[in-house]
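Structure, as structure tokens:
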Amino acid sequence: MNRFNQYVNDLFVWNEQMRHFLHSEQVEQDAELWQQLDEFTELIENVNQELSTEQLLSLQAKVEHIHEKMENYFARKQGQGVGTIWTEAPKLSPGEHTLPKLPYAYHALEPYISEEIMRLHHDKHHRSYVDGLNNAERSLKKARETKDFSLIKHWSRELAFHGSGHYLHTIFWHNMNPHGGGQPKGLLQDEINRYFGSFAAFKHQFSEAAKQVEGSGWALLVWSPMAGHLEILQSERHMQLTQWTTVPLLVLDVWEHAYYLQYKNNRAEYINNWWNVVYWHNVEMRLEKALDNTPGI
Ligand SMILES: [Fe+2]
């Protein structure tokens, strides 16, 4: 393959990655970014002969322009404190957490999860964890400054409760998608089959873990870097029964605030329906990132 073909080929791959990324991030508002990528796709799909230097330079300029747009997009997202697994998490000072936006519309998960639940769950409950985490961090900063640690037990509990509440909800929103459902692919599929035997066996255990959480809590699919395999855990409230060093991949909120308005006390029906909105692409990406960052022992 000559260098020109190689360059165009690279552009194809890059363009595909960008489209895939935008889709996974649900960039619904930034229509301009999508339009530019659409134009770029059309342009490179019609390249079937050697371009002149001038045409090549024009192509390069377009790539650079889109690249700059993407960088602005990342910077904006980080400014909003989203810090998803694909963007580098911002380095926050004590008390600077912000409520991330939902990656889709409030009604997008209907009929499985109602708009009313999503509004309440995201705007009220999740916000209270963000506020609680900021408060705990600021209070501990003050304790360091005044050297008064008489309330450290209280603030440590608040830090764990609200911090876990904030982080798990942030993962939870991205774990779901209106284009979700079905089964995972690739590496995640392989790891599920290797450890649980089959997708059906995994799904059965995860659903039972969620149904049988005592009181409020979560079911979580995690990656254990120490053991080098997946695991299913339960968490009571937000932070109890966890296994340190594991990386959450797929989380299911079974607090009553996540389903009661729509499903009343039928947690099992909520869990059965929830599988229709599981966004496996997001879970697959999380596993790949977890494996990339495995520090070893
Ligand atoms: Fe929740």
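The values are calculated or read from the model by the stated rules, or taken from the named source; none is laboratory data. Treat the numbers as computed from the prediction; the structure is a model and nothing was measured. Note that each Cβ is placed from the backbone with ideal geometry, even for glycine, and that neighbours are counted across all protein chains shown.
Is it the case that GLU137 is free of Cβ contacts under 8 Å to residues at least 40 places away in the same chain, among the charged types (D, E, K, R), more than 16 Å from the ligand (Cβ to nearest atom) and not in a loop (DSSP other than H, G, I, E, B)? Before you say what the answer is, go through the steps one by one.
Values: free of Cβ contacts under 8 Å to residues at least 40 places away in the same chain: no; among the charged types (D, E, K, R): yes; more than 16 Å from the ligand (Cβ to nearest atom): yes; not in a loop (DSSP other than H, G, I, E, B): yes.
Judged against the criteria, GLU137 is not a match.
Within region 213-238, the residues that satisfy the criterion of being surrounded by 15 or more Cβ atoms within 10 Å (Cβ to Cβ) and either aliphatic (A, V, I, L, M) or more than 22 Å from VAL278 (Cα to Cα) (or both) are VAL213, ALA219, LEU220, LEU221, VAL222, PRO225, LEU230, ILE232, LEU233.
Tally up the residues in region 167-184 that are under 17 Å from the mean Cα position of the chain (by Cα) and more than 16 Å from the ligand (Cβ to nearest atom), please. Walk me through it before giving the result.
Within region 167-184, the first condition is being under 17 Å from the mean Cα position of the chain (by Cα), and the residues that meet it are 167-181, 184.
Of the ones still in play, those that are also more than 16 Å from the ligand (Cβ to nearest atom) are 177-181, 184.
Residues that pass the stated criteria total 6.
Of the candidates HIS166, HIS174, HIS162, the single residue that is within 27 Å of ASN282 (Cα to Cα) and touching a His at 6+ places or on another chain (Cβ under 7 Å) is HIS166. Tell me which residues, restricted to region 87-146, are basic (Lys, Arg), surrounded by fewer than 15 Cβ atoms within 10 Å (Cβ to Cβ) and farther than 16 Å from THR170 by Cα. Residues satisfying the conditions are LYS91, LYS141, LYS142, ARG144. Would you pick out the residues in region 252-280 that are surrounded by fewer than 18 Cβ atoms within 10 Å (Cβ to Cβ), more than 16 Å from the ligand (Cβ to nearest atom) and not hydrophobic (A, V, I, L, M, F, W, C)? If the condition is that a residue be surrounded by fewer than 18 Cβ atoms within 10 Å (Cβ to Cβ), more than 16 Å from the ligand (Cβ to nearest atom) and not hydrophobic (A, V, I, L, M, F, W, C), then LYS264, ASN265, ASN266, GLU269, ASN272, ASN273, ASN276 are the ones that fit. Against the test of being crowded, with 17+ Cβ neighbours inside 10 Å, touching a strand residue (DSSP E or B) at 6+ places or on another chain (Cβ under 8 Å) and not aromatic (Phe, Trp, Tyr), the options LEU249, LEU241 yield a single qualifying residue, LEU249. Here GLU191 fulfils each of the conditions (1) within 16 Å of the ligand (Cβ to nearest atom); (2) within 21 Å of the chain's Cα centre (by Cα) apart from (1). Of the strands (runs of 3 or more DSSP E) that lie entirely inside region 216-297, those containing 3 or more residues that are under 27 Å from GLY182 (Cβ atoms) and of a type in the set (Gly, Ala, Ser) span 217-224. Being within 14 Å of the ligand (Cβ to nearest atom) and either assigned by TED's automatic domain parsing to the domain that holds GLU236 or not hydrophobic (A, V, I, L, M, F, W, C) (or both): is that true of ARG157 here? Answer is no for this residue.
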